[in-house]
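These notes concern the structure reproduced below.
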Amino acid sequence: MNRFSLYIADLTHTSSGIMSNTHPLGCAYVAAYCQEKFEGNIDISLYKFPDDLIKSLSIKLPEILAFSNYSWNLELSYEIAKWVKSINPNTVVVFGGPNFPTDVKEQKDFLRYRSHIDFYIQSEGEIGLANLIEQLLDTKFDYTKFKNNKIVTTNSVYLWGNDIYVGDIERISDVNILPSPYLTGLLDDFFD
């Protein structure tokens, strides 16, 4: 397996101060799980501030760019996703989080209106993103080949043509399977 990079962003607005002054804990759990699952083959970076993410993206685009999606950061994250897709349409853009409809028709409308989102992870992102990455590795991160083959993965939703593909929801039954993002050092940069 070749090394690949994953950037995960839980962005906050910063123009009038820091609007959400918290650790990106949810994203860090997803990152820690992926780091353990793809040990030695993945480079993961976490982002809270848009300027930091934009600076990193200006230097190197990852194979996968993932965003946590809340009502307060959807438009900010989506604007960055659109910018990345204008530079490199092959970067896989994944959104996840609670700001997503539960009704399939509304999910379809959400994704149709936001066509630069390649995949949406529902429910728990740890399992969903890791399973999606595992399948994408088989296509060398060619998401069009993935979608053309109509692959459905756990907790993921995507559009292909006029159809929506929704994977089964898998929940984490034992939280002890999740590595601590604090002990792995993924959150070290966020202590200031």
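The values are calculated or read from the model by the stated rules, or taken from the named source; none is laboratory data. Just so it is clear, the model here is predicted, and its values are computed rather than measured. Every residue, glycine among them, receives a Cβ derived from its backbone with ideal geometry; neighbour counts consider all protein chains shown. Keep in mind that these areas ignore ligands, DNA and RNA; they rest on the heavy atoms of the full protein, side chains included. Shrake-Rupley method; radii C 1.70, N 1.55, O 1.52, S 1.80 Å.
Just so you know, in region 144-192 the residues that are over 18 Å from the mean Cα position of the chain (by Cα) and among the hydroxyl-bearing types (Ser, Thr, Tyr) include one that is least open to solvent (accessible area, probe 1.4 Å), and it is SER180. Listed by position, the strands (runs of 3 or more DSSP E) inside region 42-119 whose residues that are touching a residue at least 40 places away in the same chain (Cβ under 8 Å) and open to solvent by less than 10 Å² (accessible area, probe 1.4 Å) number at least 2 are 64-68.
Sub-7 Å Cβ pairs linking a first residue in region 175-186 that is within 16 Å of ALA130 (Cβ to Cβ) to a second residue that is charged (D, E, K, R), at least 6 apart or interchain, are LEU178/GLU126; PRO179/GLU36, ordered by first then second residue. Looking across region 139-176, the residues that are over 16 Å from PHE100 (Cβ atoms) and aromatic (Phe, Trp, Tyr) come down to PHE141, TYR143, PHE146, TRP160. Considering region 61-73, and only residues there that are at pLDDT below 95 and over 12 Å from the mean Cα position of the chain (by Cα), the residue that is nearest to LEU129 (Cα to Cα) turns out to be TYR70.
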